[in-house]
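Q: I'd like to ask some things about the structure below.
Quick note: the coordinates plus some simple rules give every number you see, no bench work behind them. Please read these numbers as outputs of a predicted model, since none were measured by experiment. In this analysis, Cβ positions are derived from the backbone assuming ideal geometry, glycine residues included, and neighbour counts consider all displayed protein chains.
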Amino acid sequence: MELFRAPRAGSEWFIRTSSIGLPTDVTVRIAGAGLAGLVAATTAARAGEDVDVYEIKRHLLPSTGAHTEALRNYESVDSLEELRSYGFKFRPFAEVHSAIRRSEHYENLVRGKSYYLFMRGREEYTVDQQLYREAIDLGIRFHFGTKAPPEVEIIATGPPRHEFNMLAAGFTFTAEGSNLDPHTVIALLDNRVAPGGYLAITPGVDYHSIYSGSWIDLDFGRVLGLAEKAFEIPWVREVLGRSRWVDKIHGTAYYARDPIATAVRDRSLQVGEAGGFQDAVAAYGFRYAVITGALAARSVVERLDYPTLLRSRFKDEFENAFAYRQKLNNASNRDFDELVQALGPELTIDEYRNLRGKLRTL
């Protein structure tokens with residue numbers, strides 16, 4: 001067991017959302033030190049609470065491994081400003097101004113600020129390490145290589161090991177030698193390389209990411225094989241250029257039809273993918289991890305009803321995304337062609353925002 005503890009007075013009192021009249025000096029216990037868990041921990045600590053974080057892994061590292069993670073910016077409210085309203089103050093390493101969607105026979109380009117990019121991993125500039133340093137400065141105690149106690153206030157343990165319903169398989173590759181523009185992301189909608197999903201290429205700092213995201217086939221070996229076949233597509237080979245492979249990407253995701261309905265488990269509050277708070281359509285879970293982590297901490301500290309906070313913020317967006325995901329799971333390559341063709345060759349981000357809802361009804 002590794003224990004990192006900053007000097008700070010502690011308490012053995014525990015707080016529940018259903019508790020009334022407990023002392024204000026409490027300890028908030030959190031299972032999991034991923035993005036959602038770290039946000040929950042720092043939010044509670046900034047409110048003056050003592051916090052213990054239990055992480056079964058011996059090191060701070062996202063379950064997917066080191067990779068680029070994108071925060072989508074498709075809504076009318078700027079997504080980074082939205083997260084700042086929940087106390088998330090970290091800046092992305094880059095912005096995406098060209099988002100390319102490809103299908104078997106068509107291509108579309110969306111111009112404008114469509115994504116913010118963050119690195120996940122062990123390097124000092126990654127969002128994981130920045131949050132961890134803030135947590136240490138706030139006096140949060142970390143217990144690495146340690147299973148969480150049976151009762152915790154917040155569960156942030158990531159996607160359930162045997163219940164995931166999306167898989168990512170691929171590699172990181174060196175920025176040196178590649179031809180990927182640092183402000184461009186590419187998605188290929190093609191069931192031959194990513195069943196029900198897409199092949200994603202995203203820029204990073206020292207290394208970029210390329211992987212197949214599959215919703216239909218959940219076998220890592222098979223999906224990795226499909227991704228490797230995609231590397232031979234001429235335009236993909238051009239993007240990869242003379243780069244070198246760095247490491248494998250092996251990620252899972254878990255989305256639920258209505259995660260708010262099951263957000264409280266035995267009086268513990270579930271955040272991020274531990275509770276199925278994930279984007280069912282394209283697996284952009286960064287936003288959900290931050291917001292659910294912050295709201296769970298607020299629920300604990302202020303004794304507010306967690307599902308009510310969630311429903312007020314998200315309304316029915318999970319159910320709507322789940323319904324569209326069912327369509328995508330049955331989509332053929334011809335359907336993907338029609339989708340990309342309907343976008344036309346080029347759009348501004350504002351034009352895409354206006355079209356996005358209509359396209360989901362096709």
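Q: Scan segment 263-279 and give yes if some residue there is under 21 Å from VAL77 (Cα atoms) and aliphatic (A, V, I, L, M), otherwise no.
A: The answer is no, given that none of the residues of segment 263-279 is under 21 Å from VAL77 (Cα atoms) and aliphatic (A, V, I, L, M).
Q: I'm trying to understand the selection: among the residues of segment 223-241, which are over 25 Å from the mean Cα position of the chain (by Cα) and among the acidic types (Asp, Glu)?
A: GLU232, GLU238
Q: Can you find a residue that is touching a strand residue (DSSP E or B) at 6+ places or on another chain (Cβ under 8 Å) and within 26 Å of SER243 (Cβ to Cβ) anywhere in segment 128-148?
A: Looking through segment 128-148, at least one residue is touching a strand residue (DSSP E or B) at 6+ places or on another chain (Cβ under 8 Å) and within 26 Å of SER243 (Cβ to Cβ).
Q: A further question on this structure: Go through segment 294-311 and count every residue that is assigned to a helix (DSSP H, G or I) and within 16 Å of GLU49 (Cα to Cα).
A: Final tally of qualifying residues: 9.
Q: Name the one entry in VAL290, VAL281 that is touching a residue at least 40 places away in the same chain (Cβ under 8 Å), touching a helix residue (DSSP H, G or I) at 6+ places or on another chain (Cβ under 9 Å), closer than 19 Å to ILE30 by Cβ and of a type in the set (A, V, I, L, M, F, W, C). Outline the logic, then answer.
A: On the way: VAL281 fails: closer than 19 Å to ILE30 by Cβ.
The match here is VAL290.
Q: LEU180 versus (1) buried (at least 17 other Cβ atoms within 10 Å of the Cβ); (2) in contact with a Leu (Cβ under 7 Å, 6 or more places away or on another chain): which is the lone unmet condition?
A: Looking at each condition in turn, LEU180 falls short on (2).
Q: If you go through segment 338-349, how many residues are in a helix (DSSP H, G or I) and either free of Cβ contacts under 8 Å to residues at least 12 places away in the same chain or over 16 Å from GLY197 (Cβ atoms) (or both)?
A: Selection size over segment 338-349: 5.
Q: So, of the residues in segment 166-180 that are outside any strand (DSSP E or B) and touching a helix residue (DSSP H, G or I) at 6+ places or on another chain (Cβ under 9 Å), which turns out to be farthest from VAL264 (Cα to Cα)?
A: Narrowing segment 166-180 to residues outside any strand (DSSP E or B): 175-180.
Among the residues that remain, those that are also touching a helix residue (DSSP H, G or I) at 6+ places or on another chain (Cβ under 9 Å) are: 177-180.
On the way: GLY177: 48, SER178: 45, ASN179: 46, LEU180: 43 Å.
It comes out as GLY177.
Q: If you go through segment 256-294, how many residues are hydroxyl-bearing (Ser, Thr, Tyr) and touching a Ser or Thr at 6+ places or on another chain (Cβ under 6 Å)?
A: The qualifying residues number 0.
Q: Next up: Scan segment 235-245 and tell me whether some residue there is part of a strand (DSSP E or B), touching a residue at least 12 places away in the same chain (Cβ under 8 Å) and closer than 15 Å to SER178 by Cα. Outline the logic, then answer.
A: Filtering segment 235-245 down to residues part of a strand (DSSP E or B) leaves 245.
Okay, now just the ones that are also touching a residue at least 12 places away in the same chain (Cβ under 8 Å), so 245.
After this cut, where a residue has to be closer than 15 Å to SER178 by Cα as well, the list is 245.
Yes, that holds for at least one residue.
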